1. What order do you get for E50, E96 when you list them from fewest to most C-beta neighbours inside 10 Å?
2. Springs between alpha-carbon pairs under 10 angstrom, Gaussian network model over the chain: which of K17, K99, K39 fluctuates most?
3. So for the range 3-126, taking the charge dipole from beta-carbon charges (+1 Lys/Arg, -1 Asp/Glu), which of M69, Q106, P59 sits furthest toward the positive end?
4. Only counting other Cβ atoms within 10 Å, I'd like V113, V53, V7 sorted with the fewest neighbours first.
5. If we count other beta carbons within 10 Å of each Cβ, what is the order of S112, S66, S35, fewest first?
6. Counting pairs of alpha carbon atoms under 8 Å apart in space and at least six apart in sequence, what relative contact order in percent does the chain give?
7. For the chain, find the longest principal axis of its Cα atoms and tell me its angle to the long axis of helix 13-22, 0 to 90°, nearest 10.
8. What FRET efficiency do you get for S109 and S61 if R0 is 22 Å and r is their Cβ-Cβ distance, rounded to the nearest 0.05?
Amino acid sequence: MKYKIFVDGQEGTTGLKIHDYLSKIPNIEVIKIDSEKRKDYEARRALINEADVVFLCLPDSASRDSVSMISNNKTKIIDASTVFRTNQEWTYGLPELHKNQRNKIQNSSRVSVQGCHATGFIFWLYTLW
């Protein structure tokens, strides 16, 4: 089975890196949006709902908009913005956080990516426990 992955924000630094990495994996089909349609609501909505996994590499408000476009129960979202990091309905994407975190991430349909400053602070603080 090939997984369909859409990188919303594919032309930014993070999106380009994710796209480059994923395009080398054989069982993944990276679906792309035409550059001139990247701000077209309907074009983005169609790709978001077609994908198995969507990486959001967008500013906070745009990430919020993208999540609101989902109209199915299958699309998994991995958000690199800050907008959902403290949302209790989302899984914090730091597998080392505690024993069951990796499992929670694997089974969640909404994962927020921790930021670099948060990661550094959490790992430093974690050594004190």
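1. Fewest-to-most ranking of E50, E96: E96, E50.
2. K99
3. Q106
4. Details: V113 21, V53 18, V7 30.
Ordered from fewest to most neighbouring Cβ atoms within 10 Å, V113, V53, V7 come out as V53, V113, V7.
5. In increasing order of surrounding Cβ atoms, one gets S35, S66, S112.
6. 20
7. In the chain, helix 13-22 runs at an angle near 80 degrees to the longest axis.
8. 0.55
Bear in mind that the values in this text are calculations on the coordinates, not laboratory data. The shown structure was predicted, so the numbers you read here are calculated from the model rather than taken from an experiment. Note that each Cβ is placed from the backbone with ideal geometry, even for glycine, and that neighbours are counted across all protein chains shown.
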